[in-house]
1. Of the numbered conditions (1) within 16 Å of the ligand (Cβ to nearest atom); (2) over 20 Å from D276 (Cα atoms); (3) in contact with a Cys (Cβ under 8 Å, 6 or more places away or on another chain); (4) part of a strand (DSSP E or B), L208 fails exactly one; give the number of that condition.
2. Among the residues of segment 151-199, which ones are among the aliphatic types (A, V, I, L, M) and crowded, with 17+ Cβ neighbours inside 10 Å?
3. Tally up the residues in segment 333-364 that are assigned to a strand (DSSP E or B) and either in contact with a Gly (Cβ under 8 Å, 6 or more places away or on another chain) or not aliphatic (A, V, I, L, M) (or both), please.
4. Check segment 320-330 and report whether any residue there is within 16 Å of the ligand (Cβ to nearest atom) and out of contact with any helix residue (DSSP H, G or I) (no Cβ under 8 Å at 6 or more places or on another chain).
5. How many residues does segment 69-96 contain that are under 24 Å from N342 (Cβ atoms) and either not assigned by TED's automatic domain parsing to the domain that holds F316 or not charged (D, E, K, R) (or both)?
6. Please work out if E142 is surrounded by fewer than 17 Cβ atoms within 10 Å (Cβ to Cβ) and assigned to a loop (DSSP other than H, G, I, E, B).
7. Within segment 90-109, can you find the residues that are under 21 Å from the mean Cα position of the chain (by Cα) and within 13 Å of the ligand (Cβ to nearest atom)?
8. Checking the condition within 28 Å of N241 (Cβ to Cβ) and hydrophobic (A, V, I, L, M, F, W, C), which residue from I117, I169, I191, I111 passes?
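The values are calculated or read from the model by the stated rules, or taken from the named source; none is laboratory data. None of these values were measured; they are calculated from a predicted model. Please note: Cβ atoms are built from the backbone with ideal geometry, for glycine as well, and neighbour counts cover all protein chains shown.
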Amino acid sequence: MISEELQSARKFEEDYLPFASRLPLFHVTAGIGWINDPNGFSVYKGEYHLFYQYYPYDTKWGPMHWGHVKTSDFIKWERLPAAMAPDHEYDRDGCFSGSAVELPDGRHLLIYTGVRIRRNADGVNETFQTQCIAVGDGRDYEKVPFNPVITEDMIPEGNSVHDFRDPKIWREGDEYYCVAGNRGADRSGEILLYKSRDAFEWEYVSTLAASHDQYGKMWECPDFFSLDGKDILLVSPQEMNAIGLEFHPGNGNVCLIGKVDRTKMCLEAVSAQAIDYGLDFYAPQTLKTGNGRRVMIAWMQNWETASCKIDELRFFGQMTVPRELSVRGGRLCQNPVRELENYRGSRVAYNDILISDETSLHGISGRLVDMTVRVRPAGEGGTYKWFRLRVAKDGERSVSVIYRPEKGTIKVDRTHSGFPHDIVNVREFPVSTHGNELKMRIIMDLYSLEIFVNDGEQAASFVLYTPAEAAAMSMTSDGNVLIDVEKYDLSFD
Ligand code: FRU
């Protein structure tokens, strides 16, 4: 049965999607309306499905629905009708984030947070969050009659019943597991682990990890998986404090790498790193492909800039390019899915070009590009303090990517990109130089810039507010730098 609320969202999509503004070519958006977190990123009947936090009726956050797209290569997406609307008592104030799994009987199961707001005796609104299930066929989903399936009484004593959300499910042998974000007695983030035989009836197992106020307060949108012999937990903390250049303040993103102690079912983390160092990255979610690749997608936005819409666009929020993960040298590394290379069109390449003054190279431009730049000092003992690449450039506007080899950082600055609001525009992050050389892969899709440094040791994602026509690029340095550059225009005909 399709509820009135869902019908109305689907009707709105049918009526207004044809009038969507110019859209990114391979980054998922709603077309019309608002999106935030990726949800339900999963393999179902051999295709990759992605849902997302969605409010179709405006470019601002509102009562959360789940939007839906699918793909067979992570690059070309097909839009499907909205999958869920807040239409039951237990989720009437929102169908918050969650995940999906294919059941052995061929159904697709969605597990998500149902939100209810209740006024307490003092007249203050309080939010209650429980985990709920819907099952379907890859297009239409039915909420199960026994929702919610994980309730307030299944969390440790003293933990918050108000912040308990974003279940991420996976199957391991004959059992299903799921992790969800919560606040412990100290009000900072905890990740709770649950298990089930059939994915419908759940029991609490353990607190898998806890912030203890080290990495922010509430931990949102957890994901947990094993990769290259390590156990990995991804979380998106609220209210983080900055730590060096590794973690910025506010809504952040943290990857904990370690090993699960199987007797306590608790993650013994040995390292913590940022997942993405850009201004716009939150709530990543992963899936495992049939051939064993771990692929991650995230909201390419930040809550701090959630009201910063480009006027002429009818959508707000987009996803990152899906990224293949690996662990190298103890670090989580990421690169765009290899399928992106199938969309490489015309190529322009230069080798050993000396950069000192501002230089533009013929054919090195574009806003829909896959470009790799290698930077090294010119000649024996050559030095330089900085190298700057400008992209999305026209007469007055540009976005700068500045590499400082001695400091070991890249700084991205969109202050002069032409967006007339005083939002956070600069982010600097640590990088390594290998054998005197730095390699940057730059992916652009009209309104975004994603940088992958040294084959994915660091990634950094940015929304670009500059009109898509600003497509020039140039390079400068304070010394003598040699670069190689290879640029492909991406083509989707
Ligand atoms: C993270 C988040 C989730 C929540 C959703 C609501 O961005 O706050 O914790 O489920 O967004 O839209």
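1. Of everything listed in (1) within 16 Å of the ligand (Cβ to nearest atom); (2) over 20 Å from D276 (Cα atoms); (3) in contact with a Cys (Cβ under 8 Å, 6 or more places away or on another chain); (4) part of a strand (DSSP E or B), L208 misses just condition (1).
2. M154, I155, I169, V179, A180, I191, L192, L193, A199 - these are the residues of segment 151-199 that are among the aliphatic types (A, V, I, L, M) and crowded, with 17+ Cβ neighbours inside 10 Å.
3. 13
4. Yes, some residue in segment 320-330 is within 16 Å of the ligand (Cβ to nearest atom) and out of contact with any helix residue (DSSP H, G or I) (no Cβ under 8 Å at 6 or more places or on another chain).
5. Of the residues in segment 69-96, 7 are under 24 Å from N342 (Cβ atoms) and either not assigned by TED's automatic domain parsing to the domain that holds F316 or not charged (D, E, K, R) (or both).
6. no
7. G94, C95, F96, S97, G98, S99
8. I191
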